[in-house]
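Accompanying notes for the structure given below.
The values are calculated or read from the model by the stated rules, or taken from the named source; none is laboratory data. This one's a predicted model, so the numbers in the text were calculated from it and none came from an experiment. So basically every Cβ, Gly included, is an ideal-geometry build from the backbone, and we count neighbours across all protein chains shown.
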Amino acid sequence: MTSIPTTHFAPAAAPAHRTIGYWLLACAGMVFAMAIIGAITRLTESGLSITEWKPITGAIPPLNEAQWLAEFEKYKRIPEYRLLNSGMSLAEFKHIFFWEWFHRLWGRLIGLVFFVPFLWFLATRRIDRALGWKLAGLFLLGGLQGFIGWFMVQSGLSERTDVSHYRLALHLGMALILYGLLLWVALGLLDPAPAGQRAAGAGALRRHGRIALALVALTAVWGAFVAGLDAGFAYNSWPLMNGHFAPPEMWTLEPAWINPLENTAAVQFVHRWLAILTAAVVLGLCWRMRRQPDLDDRSRAVALGLAAAVVLQVLLGISTLLLAVPVGLGAAHQGGAILLITLVILALHRIRRPVI
């Protein structure tokens, strides 16, 4: 008797799950944009221009000259104005105020775009209990991110002329976590059983992919250290740092272990070579995925896009450094990091462990 070969069909996403998945992708896209706006806010030194946290009424900017002057007077009381920007005109203040206000407004819009549809999905019973808890957790993380943003700003209002680079890194790190979770849940709803998960070598690729994702995230967070310490404005040469592979002033702080976290030279050195290591690991993942004989074509295409993205990100990083961090390139470099995270997560989803 002749056996009839069986064909495995991946289960399609339910219509309701597809709608929720696309909504979550839209929210993730807004978080992506938020990170770019945040980079511009940091690069234009705008983050301390609003000295109060008003979650509701703060959405309305000053509407007349008297209100603008009142906001300007509040800014004049903090060390950044007194020590760095004394003599700033009202027009110049309005420019930096805009970016911080827009950054905060965009965060409020993300919360609104998430919360209102979430309530509607709950009311129409389109969300099961397990998914409901995941989405509630994402909403709480978004609220926590807003608090962390204010926690960061507070660090620069009394004794410093800028925010703590540790708090800046925490703020970016939480944004990356929130973005990654939104993307992962959305992909799970839109493509619950991707073909790549059936590949013979999927388990080994998953382990490699997790390491790659961790390194990309770590490099991005170290980039926040670089930004917070203005370390990108020093050692604007590559691959050497002012003629040295490792400049001698890298170890001037005591105790020695604090240098990679707080010494401008050491922080930039770590970010540079962590980026090269990350690029090598990510390119290795791409090579393995392309070489995997039973991996599906869509997964191979993701690997090819990931390889192109990591090369672009390295070139953006070097260009940003050599040109002493122009605002456009600096923002593009942060966007490139999130694009890399996007593609690594997409690659991991393609080879995810089958859900039984």
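Among the conditions (1) closer than 16 Å to THR41 by Cα; (2) surrounded by fewer than 18 Cβ atoms within 10 Å (Cβ to Cβ); (3) not charged (D, E, K, R), LEU140 misses just one, which is (1). For GLU262, are the conditions met, namely being of a type in the set (Asp, Glu), in the same structural domain as LEU306 (by TED's automatic domain parsing) and over 20 Å from LEU170 (Cβ atoms)? No, not satisfied. Out of VAL344, VAL310, one residue alone is more than 19 Å from VAL31 (Cα to Cα) and within 18 Å of the chain's Cα centre (by Cα). It is VAL310. Exactly one residue out of ALA279, ALA324 is surrounded by 19 or more Cβ atoms within 10 Å (Cβ to Cβ) and more than 16 Å from the chain's Cα centre (by Cα), and it is ALA279. Within region 22-34, the set of residues being surrounded by fewer than 20 Cβ atoms within 10 Å (Cβ to Cβ), in contact (Cβ under 8 Å) with a residue 40 or more places away in the chain and of a type in the set (Gly, Ala, Ser) comprises ALA26, ALA33. ARG290 meets all of the listed conditions (1) of a type in the set (D, E, K, R); (2) crowded, with 16+ Cβ neighbours inside 10 Å; (3) under 13 Å from ALA347 (Cβ atoms) but one, namely (2). With the structure loaded, tell me whether ARG352 is farther than 18 Å from ASP230 by Cβ and surrounded by 14 or more Cβ atoms within 10 Å (Cβ to Cβ) or whether it fails that test. Criteria met by ARG352.
When you check TRP133 against the structure, is it without any contact (Cβ under 8 Å) to a residue 24 or more places away in the chain and not in a loop (DSSP other than H, G, I, E, B), yes or no? So TRP133 passes the test.
To keep it simple, each residue is scored yes or no on (1) surrounded by 17 or more Cβ atoms within 10 Å (Cβ to Cβ); (2) assigned to a helix (DSSP H, G or I); (3) touching a residue at least 12 places away in the same chain (Cβ under 8 Å).
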residue	(1), (2), (3)
GLU80	yes, yes, yes
GLU92	no, yes, no
GLY107	yes, yes, yes
LEU112	no, yes, no
ILE127	yes, no, yes
GLY149	yes, yes, yes
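For TYR235, the conditions (1) outside the structural domain of LEU340 (by TED's automatic domain parsing); (2) outside any helix (DSSP H, G or I); (3) surrounded by 16 or more Cβ atoms within 10 Å (Cβ to Cβ) are fulfilled apart from (1).
I'd like to know if region 207-220 contains one or more residues that are among the polar types (S, T, N, Q), more than 30 Å from ARG82 (Cα to Cα) and under 21 Å from the mean Cα position of the chain (by Cα). Yes: region 207-220 contains one or more residues that are among the polar types (S, T, N, Q), more than 30 Å from ARG82 (Cα to Cα) and under 21 Å from the mean Cα position of the chain (by Cα). Residues in region 327-338 that are free of Cβ contacts under 8 Å to residues at least 12 places away in the same chain and crowded, with 23+ Cβ neighbours inside 10 Å: 0 in all.
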